[in-house]
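Visitor: Here it is, the structure, as structure tokens.
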Amino acid sequence: MDTEVSIQEKYHRRSASSEVWHRLKKNKGAVVGGIIILLLIFLALFADVLYDYETDIVAQNLEQRFIAPCWEHPFGTDNFGRDLLARVIYGTRASLPVGFVAVLVALVLGLLLGAFAGYFGGVVENVIMRAMDIFGTVPDVLMAIALIAVMGTSTMSLMIAVGLTSVPSFARITRATVLSVRGQEFIESARAIGLSSWDIIFQHVVPNCLSPIIVQTTLRMGSAIISASALSYLGLGVTPPMPEWGSLLSAGRGLMRDYSYMTLFPGLAIMITVIAFNLLGDGLRDAMDPKLKK
């Protein structure tokens, strides 16, 4: 009995962040997803240590064209004799940063717009949310294509375009969370002591709305990578010869019948990455949900 009480007391003494970490570690799917993401980040950071960009990624060797997967070339070689494994690994340096920056753009803009809409309400809320509704009616890829057409084809344009298409989802989640917080007593106390609306929003409202936003950020990473790959597949993303998973798929689409491995491995890279972020996002959602606390 005393042992059970001591265990319960130790559990309740944990801080909120420690408790979330404890629950997250118990989720096997989230752990697997996190390990995969860390491995991908490691490959992105040290890709130039594993391979030389000029000789392994860009240089052509026509004598070794279309070598099927083997011990020397585990992913085979492409139509220019370049090692596909090296290009897929180096592609993490393009695909992951595009996803991270795109989600960061969406997070910052969506957080600001959603917080203002939820806190001020009235005309401000109607204007912001109706603009988000209009923006959200256009399919993401179509909107991104239109934005890239205006800004020009470049990696930065791809990041901004993919990020802007995700702003409405962040704005809606932030607004909904702010609405549940703004009427609480600590917000009224902050108003009573004379804090400005700006200070209240960023010192008290936003910090208490981070849990669903963190989960949404993790889940949107997979969607951002898919959108970026789709645009690169259409020739509107990362410019050659820099490898990117979508552009690698595009390069192999006309050769799928005879050399299916050219699309198989970049496709698997996209699929595994998206699944990893979704697993981590689902684990974070379960760990941060107060209804699941025992």
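Visitor: Scanning for something closer than 25 Å to residue 230 by Cα, modelled with pLDDT under 85 and part of a helix (DSSP H, G or I), does the stretch 188-206 turn up at least one residue?
Guide: No, because not a single residue in the stretch 188-206 is closer than 25 Å to residue 230 by Cα, modelled with pLDDT under 85 and part of a helix (DSSP H, G or I).
Visitor: Also: Could you list, ordered by first residue, the pairs with Cβ atoms under 6 Å in which the first is in the stretch 129-154 and modelled with pLDDT of 90 or more and the second is of a type in the set (Gly, Ala, Ser), at least 6 apart or interchain?
Guide: Cβ pairs passing all conditions: 129/117; 132/171.
Visitor: Right, next: Using the structure shown, decide if residue 222 is crowded, with 17+ Cβ neighbours inside 10 Å, over 16 Å from the mean Cα position of the chain (by Cα) and within 30 Å of residue 113 (Cα to Cα).
Guide: So residue 222 fails the test.
Visitor: Among the residues of the stretch 162-177 satisfying the criterion of being in a helix (DSSP H, G or I) and under 14 Å from the mean Cα position of the chain (by Cα), which is nearest to residue 229 (Cα to Cα)?
Guide: 162
Visitor: Next up: Can you tell me which residue in the stretch 11-65 is modelled with the highest pLDDT, limited to those that are polar (S, T, N, Q) and more than 22 Å from residue 91 (Cα to Cα)?
Guide: Filtering first and then ranking leaves 27.
Visitor: Moving to a separate point now. Within the stretch 230-263, which residues are out of contact with any Pro (no Cβ under 9 Å at 6 or more places or on another chain), among the hydrophobic types (A, V, I, L, M, F, W, C) and either part of a helix (DSSP H, G or I) or touching a residue at least 40 places away in the same chain (Cβ under 8 Å) (or both)?
Guide: 230, 231, 234, 236, 238, 242, 255, 262 - these are the residues of the stretch 230-263 that are out of contact with any Pro (no Cβ under 9 Å at 6 or more places or on another chain), among the hydrophobic types (A, V, I, L, M, F, W, C) and either part of a helix (DSSP H, G or I) or touching a residue at least 40 places away in the same chain (Cβ under 8 Å) (or both).
Visitor: Scan the stretch 70-77 and tell me whether some residue there is surrounded by 20 or more Cβ atoms within 10 Å (Cβ to Cβ), assigned to a helix (DSSP H, G or I) and in contact with a Phe, Trp or Tyr (Cβ under 8 Å, 6 or more places away or on another chain).
Guide: no
Visitor: Pairs only if they're at least six apart or on different chains, beta carbon under 6 angstrom, first in the stretch 21-40 and in contact (Cβ under 8 Å) with a residue 12 or more places away in the chain, second surrounded by 13 or more Cβ atoms within 10 Å (Cβ to Cβ) and part of a loop (DSSP other than H, G, I, E, B); list them, first residue then second.
Guide: none
Visitor: Across the stretch 129-138, what is the total count of residues that are surrounded by fewer than 11 Cβ atoms within 10 Å (Cβ to Cβ) and not in a helix (DSSP H, G or I)?
Guide: 1
Visitor: May I ask you to list the residues in the stretch 109-128 that are free of Cβ contacts under 8 Å to residues at least 24 places away in the same chain and either more than 19 Å from residue 187 (Cα to Cα) or assigned to a helix (DSSP H, G or I) (or both)?
Guide: Across the stretch 109-128, the qualifying residues are 112, 122, 123, 124, 126, 127.
Visitor: Let me ask you something else. Which ones in the stretch 29-38 are surrounded by fewer than 17 Cβ atoms within 10 Å (Cβ to Cβ) and touching a helix residue (DSSP H, G or I) at 6+ places or on another chain (Cβ under 9 Å)?
Guide: 29, 31, 32, 35
Visitor: Output the residue which, of all residues in the stretch 216-241 that are at pLDDT 85 or above and of a type in the set (Val, Ile, Thr), is nearest to residue 171 (Cα to Cα).
Guide: Applying the filter and picking the extreme gives 217.
Visitor: Among the listed residues 86, 106, identify the single one that is under 17 Å from residue 277 (Cβ atoms), surrounded by 19 or more Cβ atoms within 10 Å (Cβ to Cβ), in contact (Cβ under 8 Å) with a residue 24 or more places away in the chain and under 28 Å from the mean Cα position of the chain (by Cα).
Guide: One residue alone meets the criteria, 106.
Visitor: Being free of Cβ contacts under 8 Å to residues at least 40 places away in the same chain and assigned to a helix (DSSP H, G or I) is the requirement here; does residue 180 meet it?
Guide: yes
The values are calculated or read from the model by the stated rules, or taken from the named source; none is laboratory data. Not measured: the values here are computed from a predicted model. Using ideal geometry, Cβ is built from the backbone for each residue, glycine included, and neighbour counts are taken over all protein chains shown.
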